[in-house]
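One structure is given below, encoded as structure tokens.
Every number in this text was worked out from the coordinates using simple rules, so none of it is lab data. All of these numbers come straight from a predicted model, not from anything done at the bench. So basically every Cβ, Gly included, is an ideal-geometry build from the backbone, and we count neighbours across all protein chains shown.
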Amino acid sequence: MQTKHENRSVEDNSINAEEKAPLAYNVEQLNLWYADNHALQDISMKIPEKSVTAIIGPSGCGKSTFIKTLNRMTEMNPIVKTNGSIKYRENEIFAKNFSVEYLRTKVGMVFQNPNPFPKSIYDNVTYGPKIHGIKDKKTLDEIVERSLKKAAIWDETKDRLKENAFGLSGGQQQRLCIARCLAIEPDIILMDEPTSALDPISTLKIEELVQELKKDYTIVIVTHNMQQAARISDSTAFFLNGVIVEHDQTDKIFSSPEKKETEDYISGRFG
Amino acid sequence: MGVRKSYEQDLTYLKQEVLAMGKYVKYAFEQSLLALKINDNQSLTQNIVADDKNINSMELKIMDAAMLTIAKQQPVATDLRRCIVALKMAGDLERMGDIAVDIAKGSARLSENRSRNDTDQLTDMAEIAKQMFDQAMEAYENQELMHAQRVASLDDHVDSKYKSFIQKQLRQKADEVLLEDITQLSFIGRYIERFADHTTNLAEWVVYEVNGQHFDLN
């Protein structure tokens, strides 16, 4: 028997094409405990820049913990202990001289439920830049327009910038939160189930937006929606019980995953 | 598994329908070979033509079932391949049903003095094609790749038998009656060879279903 189409070589199998791109993150042997609960076990993962990495897995598998570790949010919980290495742009984020404030300006985060501030649309977007000392009205105006445009919500909000953000729909609020995140000009955007509280059309808008944003940003997205991971990500990592069972190109994961656990999970047989 | 019971049922149903369609096609092929052997085969040919309508509607039934499964269950990976392979196999099987009709119609045009030697040669060839078909369907039923591989080696036998059969036909000196027989026998030879080719397609789909690889067994 001869193959009709040449199989990928073994080296190609490990998301090699993307590995050639500069890495936004290089995670090596990361372990995390909540007190005695070993929540992340020997996690190693390379995240190439300007790509979308989807993290999938059943509840409690460690996926949210993992992305919150990428901007050191987990350490706000006093019972958390970590070891191992996470390099952001080749700098060790756990190093003593590494500034967590700097990390969090570079790594924005979008959460499951839209969480705009109880302020105007305009003030939501300018909140971060103002904290960073930008006061000039014209510069702030530019940031607002640029951020809202990038988050694909400018047309819907340009005539009501002074209105309270709570007047927006759930999907619009989520895009506003993305605009707020973009206003501080991050490098990475972490998204923790960003569409799970949204209707299908708002969900698709966010998905389209993710495709646009990956031209300029590196995106790591936790999702429970298998089809979403299949549609929007370049690579997918399947987490189970605190370990990475499989991390590969998304096309491979959803067509012929290596591990049976992965296949059982993506085809909805457990989880 | 239990978690997705109706999903499992949908996928099992697809496989059962393809296997059932396979049984109809095999019967049609066997009947068409019988038509080749006997002289007065008009009613037999009519039956084969009528049965082919059932085979055609089975393909459409499988297509509808696969469409619904994809729409409702959103299968991925192996499950998705099971749906796609059911569609592709149903397509090949439908064509094989048509081939059985072609063989029967060609046989009806043969003279009463058809060469027994020639029809025996064709029957020999068809026997191998039938073995290939059984192997392919068994491979499909049991996800057994060894059977699929055997189909490929048997196809080589069919091809070489077809080649020598055609060469023999073309070398004959013929009057008008014999010329019609030679033409029809050559066509029938070609139909049987095509039937075997479709069988290798079936085997290739089984390989694809099992491991997601495209193999050229032809």
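The table for this structure:
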item	result
Whole-Å distance, taken between Cα centres, linking segment B:135-211 and segment A:230-255	43
Residue among B:Gln167, B:Gln143, B:Gln16 with the largest mean-square fluctuation in a Gaussian network model of chain B, springs linking Cα atoms under 10 Å	B:Gln167
Over 28 Å (Cα to Cα) - which of A:Lys260/B:Lys72; B:Lys130/B:Lys163; A:Lys214/B:Lys88; A:Lys119/A:Lys215; A:Lys68/A:Lys119; B:Lys53/B:Lys130 fall in this group	A:Lys214/B:Lys88; A:Lys119/A:Lys215
Trypsin sites (Lys or Arg not before Pro) restricted to segment B:168-218 and DSSP loop, no more than 10 other C-beta within 10 Å	B:Lys173
Magnitude of the charge dipole, chain A, Cβ model with Lys/Arg +1 and Asp/Glu -1, debye to 20	760
Value of relative contact order over chain B, rounded to a whole percent, pairs C-alpha under 8 Å and six or more apart	26
GluC sites (Glu not before Pro) restricted to DSSP loop in segment B:118-218 with at most 10 other C-beta within 10 Å	none
Cα centroid of segment B:4-75 to Cα centroid of segment A:42-60, whole Å	45
Label-to-label distance, nm, for residues given as B:Gln143 and B:Lys173 (7 Å Cα→Cβ offset)	6.2
DSSP-assigned coil residues among trypsin sites (Lys or Arg not before Pro) in segment A:213-250, each with at most 16 further Cβ atoms within 10 Å	A:Lys215
Gyration tensor (alpha-carbon) shape descriptor, the protein assembly as shown, a/c threshold 1.5	prolate
Computed label-point distance, nm, for sites A:Ser44 and B:Tyr27 using a 7 Å Cα→Cβ extension	5.9
Footprinting exposure proxy for B:Ile99, B:Ile166 (fewest neighbouring C-beta atoms within 10 Å first)	B:Ile166, B:Ile99
Two-site label geometry, A:Lys149 and B:Gln16: point separation in nm, points 7 Å out along Cα→Cβ	6.0
Spatially proximal aspartates and glutamates relative to A:Lys205 (Cα-Cα < 19 Å; intrachain offsets below 8 disregarded)	A:Glu145, A:Asp155, A:Glu156, A:Asp192, A:Glu193, A:Asp216, A:Asp234
Farthest positive-ward along segment B:3-211 dipole, Cα basis, beta-carbon charges - from B:Ile128, B:Val210, B:Asn54	B:Val210
Prolate/oblate/rounded label for segment B:3-211 (Cα gyration tensor, a/c 1.5)	prolate
Exposed GluC sites (Glu not before Pro) absent: longest stretch of chain A, with sites in DSSP loops and at most 15 other Cβ within 10 Å deemed exposed	A:164-257
Calculated FRET value between A:Val100 and B:Arg4, using beta carbons and R₀ = 41 Å, to 0.05	0.40
